[in-house]
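Peer 1: Please see the structure below; I have some questions.
Every read-out reported here was derived from the displayed coordinates using simple, explicitly stated rules and does not represent laboratory data. Since the structure is predicted, the reported quantities are computational estimates derived from the model, not experimental observations. Every residue, glycine as well, gets a Cβ built from its backbone with ideal geometry; the counts of neighbours run over all protein chains shown.
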Amino acid sequence: MTPEPLRTAVLISGRGSNMAALVKASDARGCPYRVDLVLANDPDAPGLAFARERGIATWARSHKGMKRAEFDALLDAELRKAGIELIALAGYMRLLSPEFIARWEGRILNIHPSLLPLYKGLDTHQRAIDAGDSKAGCSVHVVTVELDDGPVIDRAEVPILPGDTAADLAARVLAEEHGLYARALAGFARTLQG
Ligand code: GRF
């Protein structure tokens, strides 16, 4: 018997194109995850509209003025209420508290726009260009308390072309992110299904 798809939440802060790609990929027959909830730490995050149009439950609240652990406790409560089993960070531009990560250990993935372990943190594309690299890319990894540091599940590469701006490179990498994240999340969900 095919196991039930894992109940999955996606955390966003902005555009949400990776979240949309994960949702669209989950339409495929036999997909081992299902996006049941989209959460944002910004009520104006543009990606929320896509989730709502698709009939996916959303929760959005600004973290401003709240302690990290306090805000993450709200997130945790929403995730538990929805019976979430797996979390995908998709352009979620806020560090999660160690308490939150410990509660969801081994169940949070992130996509990062560099070939990890290179260029953790921000400005990844400009840093790759400035270093004279010939290739860049994106990585999906398990989230641990250190930023962009957990075990890498999969990566995709793109070339850096002469004259590339950071925006050119970001667009080329983003096109790869969408497919990579959907594949990696599905593969990871299968391992959790056992
Ligand atoms: C992506 O490049 C992702 O790798 C990075 O932030 C960007 C988010 O884009 N962490 P989107 O919100 O998924 O469109």
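Peer 1: Direction-averaged shadow area of the convex hull around the Cα atoms of segment 72-113, nm²? Don't skip to the answer; put the middle values down first.
Peer 2: On the way: hull surface 12.0 nm².
Hull-based average projected area comes out at 3.0 nm².
Peer 1: Evaluate the distance, in nm, between pseudo-label points positioned 7 Å from the Cα of LYS24 and of ALA82 along their respective Cα→Cβ axes.
Peer 2: Going from the LYS24 label point to the ALA82 one covers 2.1 nm.
Peer 1: How high is the relative contact order of segment 61-194, given as a whole-number percent (alpha carbon pairs under 8 Å, six or more residues apart)?
Peer 2: Numbers: 179 pairs, mean separation 27.4, N = 134.
20 percent.
Peer 1: Mind checking the angle between helix 166-193 and the chain's longest principal axis? C-alpha axes, 0 to 90 degrees, to the nearest 10.
Peer 2: Helix 166-193 and the main axis of the chain meet at about 40 degrees.
Peer 1: Could I ask something else about it? Looking at SER17, LEU39, ILE108, which one has the Cα that reaches farthest to the positive end of the dipole of segment 1-111 (charges on Cβ: Lys, Arg +1; Asp, Glu -1)?
Peer 2: SER17
Peer 1: What size of dipole, in debye to the nearest 20, comes out for the chain about its Cα centre when the only charges are +1 on Lys and Arg C-beta atoms and -1 on Asp and Glu C-beta atoms? Provide the component values of the computation, followed by the final result.
Peer 2: Values: 23 positive and 25 negative charges, 110 e Å.
Charge dipole, the chain, about its Cα centre: 540 debye, nearest 20.
Peer 1: By a straight-distance test (C-alpha under 26 Å), which lysines pair with LYS24 as possible cross-link partners, with residues fewer than eight away in the same chain excluded?
Peer 2: Within the straight-line cut-off, LYS24 pairs with LYS81.
Peer 1: Can you tell which of ALA131, ALA90, VAL145 lies farthest toward the positive end of the dipole of segment 71-151, using +1 and -1 charges on the Cβ of basic and acidic side chains (Lys, Arg; Asp, Glu)?
Peer 2: The one lying farthest along the dipole's positive direction is ALA90.
Peer 1: At 0.36 nm per residue, and after removing the present C-alpha to C-alpha distance, how many nm does the segment from MET66 to ASP44 gain when stretched out fully?
Peer 2: On the way: separation 22, 0.36 × 22 = 7.92 nm, distance 1.76 nm.
Separation in residues times 0.36 nm, less the Cα-Cα distance, equals 6.2 nm.
Peer 1: Quick one: Cα centre-to-centre distance for segment 143-183 and segment 1-55, in angstrom?
Peer 2: So the two Cα centres are separated by 19 Å.
Peer 1: Given only helices, namely DSSP H runs of n ≥ 4 each adding -39500 (n - 2.57), what is the per-residue ellipticity at 222 nm of the chain, to the nearest 500 deg cm²/dmol? Please list the in-between numbers first.
Peer 2: Working: 6 runs with 71 residues, N = 194.
That calculation yields -11500 deg cm²/dmol at 222 nm.
Peer 1: Also, quick follow-up: Leaving out same-chain residues fewer than 8 places away, which aspartates and glutamates sit with a Cα under 19 Å from that of LYS120?
Peer 2: Cross-link targets: ASP130, ASP133, GLU146, ASP148, ASP149, ASP154, GLU157, GLU176, GLU177.
Peer 1: Also, quick follow-up: Given contacts defined as C-alpha pairs under 8 Å and at least six residues apart, what's the relative contact order of segment 1-127, whole-number percent? Don't jump to the answer; show the numbers that get you there.
Peer 2: Details: 193 pairs, mean separation 35.5, N = 127.
Worked out over segment 1-127, it gives 28 percent.
Peer 1: Which percent, to the nearest 5, of DSSP beta bridges fully inside segment 82-157 are antiparallel?
Peer 2: Working: 9 of 12 bridges.
Roughly 75 percent of the beta bridges in segment 82-157 run antiparallel, per DSSP.
Peer 1: Per residue, how big is the convex hull of segment 73-153 when only Cα atoms are used? Give it in Å³. Don't skip to the answer; put the middle values down first.
Peer 2: On the way: hull volume 6.8 nm³, N = 81.
Per residue, the Cα convex hull of segment 73-153 comes to 84 Å³.
Peer 1: Of all DSSP beta bridges located in the chain, what percent are antiparallel, nearest 5? Walk me through the numbers before you get to the answer.
Peer 2: Details: 11 of 29 bridges.
Roughly 40 percent of the DSSP beta bridges within the chain come out antiparallel.
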